[in-house]
Amino acid sequence: MKTHFIAIGGSAMHNLAIALKDKGYEVSGSDDAIFEPSKSRLEKKEILPEELGWFPEKITPHIDAVILGMHAHQDNPELAKAKELGLKIYSYPEFLYEQAKNKTRVVIAGSHGKTTITSMILHVLNFHQKDVDFMVGAQLEGFDCMVKLTEDNDFMVLEGDEYLSSPIDLRSKFLLYQPNIALMSGIAWDHINVFKTFDDYIEQFRKFVASITAGGVLVYNEEDAEVVKVVENAENYFRKIPYKTPEYEIVNGKVHLKTEMGDIPLSVFGAHNLLNLEGARHICHTLGIMDEDFYEAIMSFKGASKRLEKVEREDKGILYKDFAHAPSKVKAVVKAFCEQFKDEKKYGFLELHTYSSLNPVFLEQYDHAMDGLDEAVVFYSEDALKIKRMEPISPELIKEMFKKENLRVFTNAEDLHAYWETLDKTKGVYMMMSSGNFGGLDLTK
């Protein structure tokens, strides 16, 4: 099968391209910008475009499937050529469904926790050599590619994202998967640039639950009131399995899970991660993994990339980074960090750079998000606001919205980096929260 990717360089798209190449497909692609690690990984598989840009001449009648990424625009010249030729154009999730439609589909959804839960499930299955197809949005230890597609595997585990499918398909990605087994971890308003009201956002999860196949299974977080409402109001038939935060304690700085089989020491920390773990346990149980085997495997789980990930520093200082940027994620990470390091001085840095986080209407969702930190810093780039064509935001508004005394606010990278240099990283503990990179800040030095 011959496939062509429009916007092949994306973190999700390049993984799918590699998975198809590994499956034996003929793969080509284009993009106007490709960064690391996508560039090196595509080059290694010999599917890196020879030059950047869009080339309609690449689109020929011999192509069986065109896969369109979110980075492309509706007026993309390659997309126009594909339409002109009448080629089959898929969004990323639409193509994944085509690959998985004859398998049992396990879809992990939620505003937060879905990457970690999916990663936990895959770690346990990999530990016990249970082979499944999968797609997850973060790099996981022991896996070369974060998409796997085969002809033979019976199951496919998918991280279900509620964001849009493609520039020409405005459905939420997870609505295309039609899960046989699903999990919903939590609902907290996100992607305000797309879902203008909280009810618009919740509606996507109502539709997701409605898309569960007849007689399917939904594992859901019973501690989340919005999730419970969605589940209770669902009209389709499926089996409901609630979960909640399990009992645990912190002994000598290490989390121990309290189970019927005794205390289980873990490498991850934070109540939200223990809640994620419990959801993963129930999903694994539906896939034939008994609790004893789940606990044996989960002890060695160190976390998904950029999810409470410890950074190895040259000075041996204690520093973690997390992808957290939405308010609910920031609050969960800060709470976990403060619980884990009760006696140390705690520094927390948050970068705002998504459309939602830079929207003044949305900022009030961050109230008290950084409570518990001894030193709290918020960074956003005035240049980023200009690039996104958004109105300026004053540091005073940030301080007002966060409701955090002595909050430091930086609006350009140079000032942030200068402040960073004044800190002795061997004293205290540091949490860096961003889906960006703090203006190029090197966290290892």
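The values are calculated or read from the model by the stated rules, or taken from the named source; none is laboratory data. All figures in this text were calculated on a predicted structure; none of them were measured in a lab. Please note: Cβ atoms are built from the backbone with ideal geometry, for glycine as well, and neighbour counts cover all protein chains shown.
The condition of being under 26 Å from His256 (Cα atoms), at pLDDT 95 or above and either surrounded by 22 or more Cβ atoms within 10 Å (Cβ to Cβ) or not small (Gly, Ala, Ser) (or both) holds for only one of Lys316, Lys302, Lys346, that being Lys346. The C-beta contact set for region 71-86 (first residue among the basic types (Lys, Arg), second residue surrounded by 14 or more Cβ atoms within 10 Å (Cβ to Cβ) and assigned to a loop (DSSP other than H, G, I, E, B), distance under 6 angstrom, 6+ apart or interchain) comprises Lys81/Ile59. Of the helices (runs of 4 or more DSSP H) entirely within region 75-191, those holding at least 2 residues that are in contact with a Ser or Thr (Cβ under 7 Å, 6 or more places away or on another chain) occupy 92-100, 114-127. If you check Leu308, Leu277 for being in contact with a Pro (Cβ under 8 Å, 6 or more places away or on another chain) and within 27 Å of Asp190 (Cα to Cα), only one passes: Leu277.
Taken together, the residues in region 56-74 that are touching a helix residue (DSSP H, G or I) at 6+ places or on another chain (Cβ under 6 Å) and assigned to a helix (DSSP H, G or I) amount to 1. Which one is surrounded by the fewest Cβ atoms within 10 Å (Cβ to Cβ) among residues in region 10-43 that are of a type in the set (Gly, Ala, Ser) and either modelled with pLDDT of 95 or more or over 19 Å from the mean Cα position of the chain (by Cα) (or both)? So the residue we want is Gly24.
Note on region 349-445: enclosed strands (runs of 3 or more DSSP E) holding 1 or more residues that are in contact (Cβ under 8 Å) with a residue 40 or more places away in the chain and either touching a helix residue (DSSP H, G or I) at 6+ places or on another chain (Cβ under 8 Å) or loosely packed, with under 14 Cβ neighbours inside 10 Å (or both) are 375-379, 429-433. Screening Gln365 with (1) under 27 Å from the mean Cα position of the chain (by Cα); (2) over 24 Å from Asn252 (Cα atoms); (3) at pLDDT 95 or above gives one miss only, at (3). Scanning region 21-40 for residues that are hydrophobic (A, V, I, L, M, F, W, C) and in contact with a Ser or Thr (Cβ under 6 Å, 6 or more places away or on another chain) yields one hit, Val27. When we screen Lys83, Lys58, Lys39 for residues that are under 23 Å from Val136 (Cα atoms) and not assigned by TED's automatic domain parsing to the domain that holds Gln139, the only hit is Lys39.
Consider region 134-153 and keep the residues that are crowded, with 16+ Cβ neighbours inside 10 Å and polar (S, T, N, Q). The one that is modelled with the highest pLDDT is Asn153. For region 214-228: of the residues being in contact (Cβ under 8 Å) with a residue 60 or more places away in the chain and in contact with a Lys or Arg (Cβ under 8 Å, 6 or more places away or on another chain), which is nearest to Val194 (Cα to Cα)? The residue in question is Asn221.
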